[in-house]
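The next block holds one structure in the form of structure tokens; read it before the comments.
The values are calculated or read from the model by the stated rules, or taken from the named source; none is laboratory data. Everything numeric in this text was worked out from a predicted model, so none of it was measured. For neighbour counting, all protein chains shown are included, and Cβ atoms are generated from backbone atoms with ideal geometry for every residue, glycine included. Heads up: the accessible areas ignore ligands, DNA and RNA and are worked out on the full protein's heavy atoms, side chains in. Shrake-Rupley method; radii C 1.70, N 1.55, O 1.52, S 1.80 Å.
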Amino acid sequence: MTSDTTPAQLEEALAAAAAAAPAFGSSEPAVRAGWIRAVADALDAASGELVPIAMRESSLPQARLTGEVARSTGQLRMFADALEEGSLLEVTIDTLDPQAKPVPRPDLRRVLVPLGPVLVFAASNFPFAFSVCGGDTASALAAGCPVIVKAHPGHPELSVRTAEVMIEALKAAGAPDGTFGLISGFDVGVTALKDPRITAAGFTGSVPAGKALHEIAVTRPEPIPFYGELGSLNPVFVTQAAIDARGKDIATGYVGSFTLGVGQFCTKPGLLFLPAGHGLQEQLSDAAGAVAEAPMLNDRIKDGFSSGLDRLEKVDGVRVWASGGATLLQTTVPELLARRDEILEECFGPVSVVVEYSSLDELRAAVEAFDGNLTATLHAEDADAELARDLLPLLTARAGRVLWNGWPTGVAVSWAQHHGGPFPSTVGSIHTSVGVTAARRFQRPVVYQDAPDAVLPDVLKDSNPAGITRRVNGTVTTGEVSR
């Protein structure tokens, strides 16, 4: 077990991050991209060492963890590419126009700049992709912010060794000392969050912990943004036409999705809504009952799952269809609406609830019963177009990603991805923690008005020496600007 960071060590990490912020934040895009790629290369090179540590501490299989390393290094390189290309900075230039109406327009040059040191609370369920070298860290570094990660106690040795690899890579590549650091301990994380040198924080974890940390962040003397991913049920709604066309595939796909990773994904489908008389009970029960038992990430999560499952099984109107390595429960929409707070409480692990609806009005009522989610899924056919047009706005109001005939587990790392949603799935529904625009959480816009070319950052200069993509007078271009 790694010991907690001492007050002196915490002060050293905070002071180093604050000292690194000006140089790291003002670094040219191509230079910063090089530092980020150096981290990716070092993590890939150390994969053979890191994966066995992760296997020992998390009980996750080698193939899954090896893929996670590739996901982590891939997103680092994606951010590096976005930096060099220029979109990450959103450079926008409107040149002087004395003839503009109703008033003359000055020369305006807008760019996104880093907030400063960022605190990241690592998650347990993805020891690489949402932990020390995860998406919050990658996006904050790409934004130009030094990062301090509060290690998750579920994989302490891996956290320390991963941080060592990253720090060594950054130093060898020439990044400022203090660009990245690691701290350990719950109280240490709270102390860091309160420190005025921290300018933003990212978190993935439970609703109670996330709400408590958010309260600290926004009630500081100088409040800061807190980007928390807290909890999600990820409901799946299925029409009769979809059952008729591919009911067996839906049953097997659903069980495969809610049991993936022993049900420990934030996008696990927690509820499946089926029309009454669907005829899939036997197949669903057999598939769930055939799932082999597997160890969970740690004892705390296992205990939480056991108590949550026990609570669900005791709710009036909820019946057990299958149990073992995975548990499948069943209820109806009227029973769900009568016991909404009890049934619509996330249980993190290999359990899901089938909810049967007897009419389209019940289906709509079920959709409307939900609070915010990361995802919502609709399985339907072309013949359901009218119903889909009715349901999609309701799903859109409650989810950050709406899926058509798919399964929510598996979050592609890409430019278009959005991994967020209305509360309680995330604290800020307008931001994502996956994809290029995740960096936007740790940036703020600055506009320079009528500034001479000689004093402007290179990305705003007339000649565009960085060669990045910019929007000039409404047109996207990499060319020069004429004053």
Checklist outcome for this item: Every listed condition ((1) open to solvent by 10 Å² or more (accessible area, probe 1.4 Å); (2) under 24 Å from the mean Cα position of the chain (by Cα); (3) under 22 Å from Asp195 (Cα atoms); (4) not acidic (Asp, Glu)) holds for Cys145 save (1)
Next on the checklist: Residues to consider are Pro422, Pro408; find the one that is free of Cβ contacts under 8 Å to residues at least 60 places away in the same chain and over 23 Å from Val118 (Cβ atoms).
Outcome noted: Pro422
Checklist entry - Pairs under 8 Å by beta carbon, first residue within 30 Å of Pro127 (Cα to Cα) in the stretch 263-285, partner of a type in the set (D, E, K, R), six or more apart or different chains? => result Cys266/Glu229; Gly270/Glu346
Next on the checklist: Name the single residue that is nearest to the chain's Cα centre (by Cα) among those in the stretch 161-190 being farther than 29 Å from Arg32 by Cβ and open to solvent by 30 Å² or more (accessible area, probe 1.4 Å).
Outcome noted: Phe186
Next on the checklist: Quick check on the stretch 227-236. Is at least one of its residues modelled with pLDDT of 95 or more and touching a Pro at 6+ places or on another chain (Cβ under 6 Å)?
Outcome noted: yes
Next on the checklist: Only one of Thr179, Thr162 is farther than 22 Å from Ala82 by Cα and β-branched (Val, Ile, Thr). Can you tell me which?
Outcome noted: Thr162
Checklist outcome for this item: For the stretch 293-319, pairs from a residue that is among the charged types (D, E, K, R) to a residue that is open to solvent by 70 Å² or more (accessible area, probe 1.4 Å) and outside any helix (DSSP H, G or I), with Cβ under 7 Å and 6 or more apart or across chains, are Glu313/Val320
Item to check | Matching entry among Ala82, Ala33, Ala21, Ala15 (being small (Gly, Ala, Ser), open to solvent by less than 60 Å² (accessible area, probe 1.4 Å) and touching a Ser or Thr at 6+ places or on another chain (Cβ under 9 Å)) | outcome: Ala21
Next on the checklist: Can you pull out every residue in the stretch 36-66 that is open to solvent by less than 10 Å² (accessible area, probe 1.4 Å) and closer than 28 Å to Asn464 by Cβ?
Outcome noted: Ile36, Val39, Ala40
Checklist entry - Among the residues of the stretch 279-288, how many are buried (at least 19 other Cβ atoms within 10 Å of the Cβ) and not hydrophobic (A, V, I, L, M, F, W, C)? => result 1
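Each row is one residue, and each column tells you yes or no for (1) acidic (Asp, Glu); (2) in a strand (DSSP E or B); (3) in contact with a Gly (Cβ under 7 Å, 6 or more places away or on another chain); (4) free of Cβ contacts under 8 Å to residues at least 60 places away in the same chain.
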residue: Asp136; (1), (2), (3), (4): yes, no, yes, no
residue: Leu141; (1), (2), (3), (4): no, no, no, no
residue: His152; (1), (2), (3), (4): no, no, no, yes
residue: Leu158; (1), (2), (3), (4): no, no, no, no
residue: Ala163; (1), (2), (3), (4): no, no, no, yes
residue: Glu168; (1), (2), (3), (4): yes, no, no, no
residue: Lys171; (1), (2), (3), (4): no, no, no, yes
residue: Gly178; (1), (2), (3), (4): no, no, no, no
Next on the checklist: Every residue in the stretch 66-121 that is within 27 Å of Ile198 (Cα to Cα), of a type in the set (Val, Ile, Thr) and in contact with a strand residue (DSSP E or B) (Cβ under 7 Å, 6 or more places away or on another chain), please.
Outcome noted: Val91, Val111, Val113, Val118, Val120
Item to check | Of residues in the stretch 194-245 being among the polar types (S, T, N, Q), open to solvent by 40 Å² or more (accessible area, probe 1.4 Å) and in contact (Cβ under 8 Å) with a residue 12 or more places away in the chain, the one farthest from Asp382 (Cα to Cα) | outcome: Ser206
Item to check | In the stretch 367-417, residue surrounded by the fewest Cβ atoms within 10 Å (Cβ to Cβ) [restricted to those that are closer than 23 Å to Gly253 by Cα, of a type outside the set (A, V, I, L, M) and over 23 Å from the mean Cα position of the chain (by Cα)] | outcome: Asp382
Next on the checklist: Taking the conditions exactly as written (part of a loop (DSSP other than H, G, I, E, B), of a type outside the set (Ser, Thr, Tyr), in the same structural domain as Ser285 (by the TED database) and open to solvent by 40 Å² or more (accessible area, probe 1.4 Å)), does Asp310 satisfy them or not?
Outcome noted: no
Next on the checklist: Pairs please, first residue from the stretch 433-453 and buried (at least 24 other Cβ atoms within 10 Å of the Cβ), second anywhere and among the acidic types (Asp, Glu), Cβ atoms under 8 Å, 6+ apart in sequence or on different chains.
Outcome noted: Ser433/Asp136; Ser433/Glu229; Ala438/Asp136
